[in-house]
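Have a look at the structure below before the remarks.
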Amino acid sequence: MTDLSNQTPLAPPRSQWLSVWDQLKKHKGALLGGGFLLFITLAVLLGPYIWTLDPQKIDYRARDFRPIYHALFDADAKTAWGNPLGTDQLGRDGLANLLAGGRTSMAVGWAAMLLTLFIGTLIGVVAGYFKKLDNPLMRLTDLFLSLPILPLLLVAVTLFRQPLHANFGPEGGMFILIVGIIGITSWMPTARIVRGDVLALKEREFVVAARSIGTQPGAMIWRHLLPNVISPIMVSATLGLAAAIITESALSFLGVGFPSDFPTWGKMLADAVQRMEEFPERVMLPGVAISLTVLSVNYLGDGLRDALDPRIRGR
Amino acid sequence: MKLKTLLLGAIASTALAPAAFAERGSDGHVNIIYWQAPSILNPYLSSGTKDIESASLVIEPLGRYDQDGALVAYLAEEIPTVENGGVSADLKSITWKLKSGLLWSDGSAVTSADVKFTADYCMDPAGGCAQLAKFEGVDSVEIIDDLTVTVTFGEAKPNPYGPFMGGQSPIIQMAQFENCTGAKAPECTDANFGPIGTGPFVVTDFRPNDVISMVANENYRDASKPAFATLTFKGGGSAMASGRAVLETGEFDYAWNLQLAPDVLAKMSEGGKGKTVAAFGTLVERIEMNMTDTSPDLPEGERGTVMHPHPFLSDVRVRKALSMAIDRELLVEIGYGQAGRATCNLVPAPLIYASDNTDCLIQDIEGAKALLEEAGYTVGSDGVREKDGVRLSMLYQTSTNAVRQDFQALIKQWWQEIGVESELRNINASVFFGGDPGSHDTFQRFYADVEMYANNFDGTDPESYLAQHTCDKAPKPESQWMGENMNRYCDPAYDALVAELGRTGELSKRGEIAKKLNDMLTKESYVVVPLVDRGRVSAHANSLGGVILNTWDSELWNVADWHRIK
């Protein structure tokens, strides 16, 4: 008989997440994207505590300042270190607005993304796992896919603005409304992807084996299915975040979102369009912030997909 | 010598030829853009300027006001006055005589029956006529003969030019609207969207809130007009976009009311395709205070009616403090530049009607604070004043427009300084001014505490304009939320004075009363808080001739004379 007690493992067991991280590190875009996303999230979260100017404070004497970098090529430009990104036509500080606006835009993005993810995964898994519910749930998905989001939002704003406003205040009510609408109108792609994966997984040997030893559906979904569909979920999450930020911007741009003095990136863009030729930075700064955030999220999603797929990992 | 004369003559005749042989439809197509889209072509069912002005292309009144505020006969033979016997000596009746041979665009004759019908249509008690103020005090309209009508007033009417004068009171065809009176008025979609008229153009296609296509009226009374064969009236978009379309890209020939920041407009004019025209009239940007409670907790039907007075705006001291906190000069500087001036008056012109009230021009934050203290409102823990649990917290609405949003932000800040919290809301202009009785977001419905917009009056006499604030003109559920007294202001003394103005003939006395009425609404009650007297700025293409900007009537009043400069 061989003596087992002397055998030592060749290498310490590696956590799955460590190898995911290893793989992710190889994806330059994902690293950059993730880094930028982390940076911008921290900036909008902590920024207002460091840069304490009130974004809504009007200082009429300090209006129409250019960003500080303008002094490099135009010595006569009106610039001030007190307003490094310039001020708008009423003298509201550009940097403070960018931070406060980002806070709203990011909050809407994250909240809507989480809601989308929750609804999408729930419907997808249930539809995939329980055959009887598959058809009705997928037809429901088709129904929701045919809803145009912007007109729906406009109607919802008219219908629900008042009650939500009464309960949660002007900004809070609008936040819930926008997040809610984006959430319930953009879960469909997630649901379809998840359902497809679940359908395929259901027939795999390990699932059949698990079922043969009497695993209950709940445990089955939780222990065996969900961990295996995490990669498409993560990817659609990143795409959902980007889409939510853009939808909120579009709404603010149309003037039906948050109150007009509540900064969001989309609203800053809309306000600046008039003076785009003279003050391009007022369009550029929020525009670039939206683009970079969305781009970084997309790259991160791309990297995560590669990293989370065990077949690609290690190649 | 002879040859030279002959040649000169030949040259002169070629030069004059276009003018001499000008004929209807010779100049092709003209494009007009209004950034508020017309939703109806019947001014009696809508008080929106865009509806009144677009309708003025099609239907005409008996007389209009020209660019100086003088009266010009349109469908009438001449303007009736006391001197020519058209207005009776006791000022109780006015006799209008139509031009002979006038035809509707469908070929039938215009008769005095149409004129009488127009009055009956608007004065029908079952309908909520938007221009009822024009018919204030009218007792009866009698047909004398086919071309003559006499309007009799209950009392002496020194300014008898209310009915049938100006773009707000055009003549509509009896044959077309006969079955559309009273409560049925809004249901006659065909007639309301394509009225048969006497104006230079005829509607061929009307898309509500979008585009109106028109062709020249074959039966227009001047055979050589209009110079344009077809016309497109595009509605909607923004002041910005319509300004660009005329001044920078040249897609449109005429853009109405370019309410844009002065620096923006100047930049746009550098485009070189057109030019801006400006004129001062009676347009006043103002804040209106709601005297009724519009809390959503109140049941529909009671909300926003006189049954529930406003919790704090019904206190004159609060309203006054809100007015004192505003720096009007700064608003002018930011929003209008040359095209505006600070005012404290609802009636800023003409001179004989303009009050000398200038109290409000100096901002007084400390005074406003003291006044609120005196009224019992003390600053709470969050910086907002309150008294007995009533917080000075308001909803402040206006239409979506960059200048108005800047004003909102500034005024909000000043109000914040005196301890009044306000929530800003902006509503799409087509909805806000749309007059849809089903919408909660119109300026008539006024489901907010304060609202800001601009309004003016047609013609030179403010009587009907001031009469808009009498008790009975408050929008309410029974009147389908129609009416011009958005504030739901109601003061019997005011009503009595309006009636007195209607009885007074002597011009200087009328001026005095009008000033008093103006002061009652502004510096005595602060129900209406005027901000800026706005000049109107519109733009037309360099190639469009004949445009005379008129602030006393529809801007399109002389569209029949518009032509292409070659």
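Taking segment B:320-448 on its own, what percent of its Cα-Cα pair distances exceed 22 Å? Kindly include the intermediate steps, with their values, before the conclusion.
Numbers: 4061 of 8256 pairs.
Cα-Cα pairs in segment B:320-448 separated by more than 22 Å: 49 percent.
How many percent of DSSP beta bridges within the protein assembly as shown run antiparallel, rounded to 5?
Numbers: 58 of 77 bridges.
About 75 percent, rounded to the nearest 5.
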- [ ] Output the pairs from B:Lys97/B:Lys509; A:Lys57/B:Lys275; A:Lys78/B:Lys267; B:Lys387/B:Lys412; B:Lys234/B:Lys476; B:Lys97/B:Lys134 with a Cα-Cα distance over 28 Å in this structure; if there are none, say none.
- [x] B:Lys97/B:Lys509; A:Lys57/B:Lys275; B:Lys234/B:Lys476
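Taking all pairs of different Cα atoms in chain B, averaging 1/r and flipping that mean, what Kirkwood radius in angstroms comes out? If you can, show how the numbers build up before the last one.
On the way: mean 1/r = 0.0404 Å⁻¹.
One decimal place: 24.8 Å for the Kirkwood radius.
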Task: Dimensions in Å of segment A:127-260 - Rg and Dmax from alpha carbons - done: 19.0, 60
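As a footprinting exposure proxy, order B:Met240, A:Met106, B:Met307 by other Cβ within 10 Å, with the fewest listed first.
Least crowded to most crowded, the residues run B:Met307, B:Met240, A:Met106.
Listed highest first by mean packing, meaning other Cβ atoms within 10 Å per residue, what order do B:160-171, B:204-215, A:21-32, A:216-227 come in?
On the way: B:160-171: 26.7, B:204-215: 17.2, A:21-32: 15.4, A:216-227: 13.7.
Answer by packing, highest mean first, reads B:160-171, B:204-215, A:21-32, A:216-227.
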Task: Number of partner chain Cβ atoms within 10 Å, mean per residue of A:257-268 - done: 3
Task: Computed P(r) (all Cα pairs; the protein assembly as shown; 20 Å bins; percent) - done: 13, 38, 30, 14, 4, 1, 0, 0
Open item on the list: Could you tell me the ratio Rg/Rh of segment B:116-222? Both radii from Cα atoms, Rh via Kirkwood.
Closed with: 0.99
Task: Normalised alpha carbon radius of gyration of segment A:12-146 [divisor 2.2 N^0.38 Å] - done: 1.65
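Could you tally the net charge around A:Ile176, taking each other residue with its Cβ under 15 Å from the Cβ of A:Ile176, Lys/Arg +1 and Asp/Glu -1?
-1
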- [ ] Mean Kyte-Doolittle of at least 1.0 plus a Cα span of 30 Å or more along the axis: flag which DSSP H helices in chain A meet both, please.
- [x] A:28-50, A:94-129, A:226-254
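Per residue of A:270-281, how many C-beta atoms from partner chains lie within 10 Å of its own C-beta, taken as a mean?
Details: counts 3, 3, 0, 3, 11, 5, 0, 4, 3, 0, 0, 0.
What the average comes to for A:270-281 is 3.
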Open item on the list: I want the local charge near B:Lys97. Using Cβ-Cβ distances under 11 Å, sum +1 for each Lys or Arg and -1 for each Asp or Glu among the other residues.
Closed with: -3
Task: Radius of gyration and Dmax over the Cα atoms of segment A:22-97, both given in Å - done: 16.8, 54
- [ ] Calculate how steeply helix B:365-374 sits against the longest principal axis of the alpha-carbon atoms of chain B, using the helix alpha-carbon long axis, and give the answer as 0 to 90 degrees to the nearest 10.
- [x] 60 degrees
Open item on the list: Averaged over its residues, how many other protein chain Cβ atoms are within 10 Å of peptide B:406-412's Cβ atoms?
Closed with: 4
Open item on the list: What does the charge count around B:Glu423 come to, taking other residues whose C-beta lies under 13 Å from its C-beta (Lys +1, Arg +1, Asp -1, Glu -1)?
Closed with: -1
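Per residue and in cubic angstrom, what volume does the convex hull of the Cα atoms of chain A have? Numbers along the way, then the final one.
Details: hull volume 65.7 nm³, N = 315.
Taking the convex hull of the Cα positions in chain A, it is 208 Å³ per residue.
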TODO: Rank B:Gly271, B:Ala261, B:Ile334 by how far each Cα sits towards the positive end of the charge dipole of the protein assembly as shown (+1 on Lys, Arg Cβ; -1 on Asp, Glu Cβ) and give me just the farthest.
DONE: B:Gly271
- [ ] Counting only C-alpha contacts under 8 Å and six or more residues apart, can you give the relative contact order of segment A:115-186 as a whole percent?
- [x] 39 percent
- [ ] For segment A:198-277, just the Cα atoms, rotate onto the principal axes and tell me the three extents in Å, largest first.
- [x] 68, 23, 14
- [ ] Return a whole-number percent for the relative contact order of chain A, with Cα pairs under 8 Å and 6 or more residues apart as the contact set.
- [x] 25 percent
Task: Dipole of chain B, positive end: most advanced residue of B:Tyr74, B:Pro348, B:Phe457 [Cβ charges, Cα centre] - done: B:Tyr74
- [ ] Can you tell me how much longer the chain between A:Met284 and A:Thr41 gets when fully stretched, taken as 0.36 nm per residue apart minus their C-alpha distance, in nm with one decimal?
- [x] 85.6 nm
- [ ] Mind putting together the pair-distance distribution for segment B:130-174? All Cα pairs, 5 Å bins, whole percent per bin, short to long.
- [x] 5, 20, 28, 28, 15, 3
- [ ] Can you tell me the equivalent ellipsoid semi-axes for segment B:199-334? Use √(5λ) from the Cα gyration tensor, largest first, whole Å.
- [x] 41, 25, 14
- [ ] Using only the Cα atoms, work out Rg/Rh for segment B:424-566, with Rh taken as the Kirkwood radius, to two decimals.
- [x] 1.03
- [ ] Among B:Ala375, B:Tyr220, B:Ser314, pick out the residue whose Cα is farthest towards the positive end of the charge dipole of chain B, where Lys and Arg carry +1 and Asp and Glu carry -1 on C-beta, about the Cα centre.
- [x] B:Tyr220
Open item on the list: Taking the beta-carbon count within 10 Å as an exposure proxy, list B:Cys188, B:Cys129 from fewest neighbours to most.
Closed with: B:Cys188, B:Cys129
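Beta carbons within 10 angstrom, averaged per residue: use that to sort the peptides A:61-67, B:228-234, A:151-157, A:202-208, highest first.
Working: A:61-67: 16.9, B:228-234: 20.4, A:151-157: 15.1, A:202-208: 11.7.
Most protected by this proxy first, the peptides run B:228-234, A:61-67, A:151-157, A:202-208.
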Task: Two-site FRET efficiency, A:Ala107 against B:Ser393, from Cβ-Cβ distance with R₀ of 41 Å, rounded to 0.05 - done: 0.95
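Using the structure shown, list the pairs from A:Lys25/A:Lys267; B:Lys157/B:Lys515; B:Lys116/B:Lys473 with a Cα-Cα distance above 25 Å, or answer none. Before the final figure, lay out the partial values.
Working: A:Lys25/A:Lys267 36 Å; B:Lys157/B:Lys515 18 Å; B:Lys116/B:Lys473 23 Å.
Over 25 Å apart, Cα to Cα: A:Lys25/A:Lys267.
A short reminder: the numbers here are calculations on the coordinates, not readings from a lab. What you are looking at is a predicted structure, and each value in this text was computed from that prediction instead of being measured. Neighbour counts are summed over all protein chains in view; Cβ atoms, including those assigned to glycine, are modelled from backbone coordinates with ideal geometry.
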